[in-house]
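Accompanying notes for the structure given below.
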């Protein structure tokens with residue numbers, strides 16, 4: 001009897017301590033949020049960050065940084081369900097997917113990183129490498145001409161000799177092409193400009209029936225499956241092009 005009583009008392013104490021800790025944490029978060037809002041309210045409308053004197057910010061030309069940025073975007077899953085642990089705790093995501101705009105942006109950044117790999121001057125860029133203004137402008141113009149059409153970009157990558165000769169790259173590009181065609185192809189006016197414009201939220205209308213719907217009646221693949229294709233490919237491309245083991249290129253001419 002005493003053992004059961006002691007056990008119940010211990011459980012009650014544990015619950016009380018947990019509630020108190022949760023309350024303290026919640027109060028701390030509220031205070032942190034309020035302090036952050038106060039900082040925002042006190043910020044001048046003219047405030048803005050400044051670059052170090054003499055520097056200008058231009059597009060990154062080191063391919064691996066494009067891979068990293070693409071993976072960061074593709075990691076931004078929309079979670080629809082979590083595993084429930086004992087004690088009401090929330091566990092790992094159970095169901096998650098990549099919204100249309102997230103996949104389009106992440107895949108584009110990653111694939112353009114693959115495109116940059118073909119230039120030796122880009123592959124050899126280290127953390128502090130300098131690239132001449134003329135070369136920066138030339139590569140930037142070529143990069144911008146690639147546009148936002150993922151299937152067109154994949155077709156361009158398939159024409160690069162190194163990827164044609166590499167079975168893993170070919171398989172990866174074919175699989176990404178299939179994902180685009182099955183799940184993420186623009187459902188409205190699929191022309192040159194629509195690939196970028198399709199990132200914005202769309203409502204779908206049937207003017208004949210006078211009906212509207214908030215989605216395109218599509219279901220997306222699990223985010224973890226998509227990310228599972230891209231992440232190991234970044235490592236493979238690193239090895240294929242010797243991106244991070246090469247010597248710093250120093251001054252580019």
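Table: residues versus (1) without any contact (Cβ under 8 Å) to a residue 40 or more places away in the chain; (2) closer than 15 Å to residue 63 by Cβ; (3) touching a strand residue (DSSP E or B) at 6+ places or on another chain (Cβ under 7 Å); (4) part of a helix (DSSP H, G or I).
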| residue | (1), (2), (3), (4) |
| --- | --- |
| 125 | no, yes, no, no |
| 128 | no, no, no, no |
| 137 | yes, no, no, yes |
| 147 | no, no, no, no |
| 152 | yes, no, no, yes |
| 155 | yes, no, no, yes |
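Looking at the range 17-27, can you tell me whether even one residue there is under 17 Å from residue 225 (Cα atoms), at pLDDT below 95 and surrounded by 10 or more Cβ atoms within 10 Å (Cβ to Cβ)? No, the range 17-27 has no match at all.
In the range 46-73, what count of residues is obtained for those that are more than 30 Å from residue 227 (Cα to Cα) and either within 30 Å of the chain's Cα centre (by Cα) or surrounded by 10 or more Cβ atoms within 10 Å (Cβ to Cβ) (or both)?
Number of matching residues: 8.
Quickly run through the range 202-224 and pick out the residues that are surrounded by 10 or more Cβ atoms within 10 Å (Cβ to Cβ) and at pLDDT below 85. Of everything in the range 202-224, those that are surrounded by 10 or more Cβ atoms within 10 Å (Cβ to Cβ) and at pLDDT below 85 turn out to be 202, 215, 216, 218.
The values are calculated or read from the model by the stated rules, or taken from the named source; none is laboratory data. Quantities reported herein were computed from a predicted structural model and do not represent experimental measurements. Counting neighbours? That spans all protein chains shown, and the Cβs are built from the backbone with ideal geometry, glycine included.
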